[in-house]
Amino acid sequence: MYTSFQVSDFRCFSRLRIDELELVNLIAGKNNVGKTALLEALFVHSAAPNPELVLRLDALRGITELRIRFRRVQETLWESWFREFDTSRVIELVGEYGRGRRRTVKLSTVSEADAVDVHLDRLFPPEDDQMALSTEAVAKVLQVSYEDQGEKPEMRYLKIEGGRIRIRPHPAPPAAPAYFLAAQERPDLEKLAERFGQLEMNKRQDVLKDALKVIEPRLKELSVILTGGRPIIHGDIGLQRLVPLPLMGGGIARLATLVLAISDAENGVVLVDEIENGIHYSVLQNMWRVVAQAARESNTQVFATTHSLECINAAHQVFSEERPEDFRLHRLDSDLDEIRAVAYGASSLSAAIDSDLEVR
């Protein structure tokens with residue numbers, strides 16, 4: 001579990017350090033202050049040593065270079081990750097964990113000559129994937145370095161070539177799972193069914209049912225049913241037939257996505273952009289109770305952003321009732337070109353709310 005995180009020269013950040021990280025972390029701040037960028041930086045760090053996951057960053061914001069053929073591409077995929085689009089900089093992400101452990105991830109652009117000894121033979125997307133990059137994309141090499149404290153750094157290289165991305169060496173799976181839930185992401189119904197199946201396999205299916213009942217109290221049971229050849233979660237809400245999860249409402253689908261991701265990311269990280277999306281303010285406290293329980297049971301660290309004071313108040317109320325040490329609010333503030341983080345624990349957040357101070 002992260003205890004602190006530092007990001008340099010990534011997106012809008014020249015340098016940001018965020019301390020006092022807990023099991024559940026809520027990130028607030030004005031628009032364009034870097035809340036989503038902070039989640040992305042954590043995702044890049046958590047995804048090491050598999051740079052294929054890094055390539056999904058822009059897709060999470062709705063930019064789909066990996067899926068659309070362009071007539072012309074003027075920049076490489078990763079230029080927007082570097083502060084001020086300056087690829088001469090080096091992105092550095094440093095995560096600290098319990099017991100003094102530290103991992104450093106660096107991203108830098110190198111010339112093809114500097115990586116000449118690297119045989120880039122793994123393709124992303126695969127050859128049989130008809131969704132490809134423009135063949136006119138600029139050929140540069142992205143070097144991804146990751147280093148656990150006291151160990152030799154390991155390197156991965158990514159290159160745009162012939163309309164594809166080549167990766168070398170073969171990417172390894174992350175040590176712990178990391179999931180990013182984008183603000184406007186449509187639920188992947190097959191992935192939800194798969195994760196629910198994992199809960200059923202371990203006789204924990206009631207975790208999701210009990211969570212969804214905070215929005216739909218009529219819910220009796222959940223089942224996975226093939227619909228049009230696709231597995232989809234259905235619910236029994238007392239009607240003559242079971243109802244597919246998407247037809248039970250956006251809030252149900254959002255909460256199911258959240259709970260299943262947390263439950264499936266045991267000992268890992270879940271990153272949620274605008275966690276209150278689709279959730280009515282009247283059930284926000286119940287949502288946070290569900291999040292807290294799922295995170296504790298799976299030992300999953302949660303980072304979420306919000307613009308909502310109601311969401312902050314609901315989280316504070318829930319965690320104040322039980323184990324307030326599991327929760328921390330982090331507000332990002334911008335001062336000229338510098339962005340800094342201010343942490344609020346239970347007592348300082350109570351004082352700020354009672355004094356009607358702005359914490360969003």
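Points to keep in mind about this one:
- Helices (runs of 4 or more DSSP H) lying entirely in the stretch 150-266 (those with 2 or more residues that are at pLDDT 90 or above, hydroxyl-bearing (Ser, Thr, Tyr) and under 21 Å from the mean Cα position of the chain (by Cα)): 250-264
- Scope the stretch 274-311; condition acidic (Asp, Glu) and within 16 Å of Thr257 (Cβ to Cβ); matching residues: Glu274, Glu276
- Of all residues in the stretch 45-56 being among the hydrophobic types (A, V, I, L, M, F, W, C) and surrounded by fewer than 22 Cβ atoms within 10 Å (Cβ to Cβ), the one that is farthest from the chain's Cα centre (by Cα): Leu55
- Enumeration of residues in the stretch 2-23 that are within 17 Å of the chain's Cα centre (by Cα) and at positive phi: Arg11
- Taken as a whole, the condition of being open to solvent by less than 20 Å² (accessible area, probe 1.4 Å), among the hydrophobic types (A, V, I, L, M, F, W, C) and within 23 Å of the chain's Cα centre (by Cα) applies to Leu332.
- Asn25 falls short on exactly one of the conditions (1) in a loop (DSSP other than H, G, I, E, B); (2) open to solvent by less than 30 Å² (accessible area, probe 1.4 Å), and that condition is (1).
- Any hit, the stretch 269-277, residues being acidic (Asp, Glu), outside any strand (DSSP E or B), touching an Asp or Glu at 6+ places or on another chain (Cβ under 9 Å) and open to solvent by less than 20 Å² (accessible area, probe 1.4 Å): yes
- When Glu20, Glu40 are checked against the criterion of being acidic (Asp, Glu) and buried (at least 23 other Cβ atoms within 10 Å of the Cβ), a single residue qualifies: Glu40.
- Residue that is out of contact with any Leu (no Cβ under 6 Å at 6 or more places or on another chain), without any contact (Cβ under 8 Å) to a residue 24 or more places away in the chain and open to solvent by less than 50 Å² (accessible area, probe 1.4 Å), where the choices are Val342, Val302, Val290: Val342
The values are calculated or read from the model by the stated rules, or taken from the named source; none is laboratory data. The shown structure was predicted, so the numbers you read here are calculated from the model rather than taken from an experiment. For neighbour counting, all protein chains shown are included, and Cβ atoms are generated from backbone atoms with ideal geometry for every residue, glycine included. Keep in mind that these areas ignore ligands, DNA and RNA; they rest on the heavy atoms of the full protein, side chains included. Shrake-Rupley method; radii C 1.70, N 1.55, O 1.52, S 1.80 Å.
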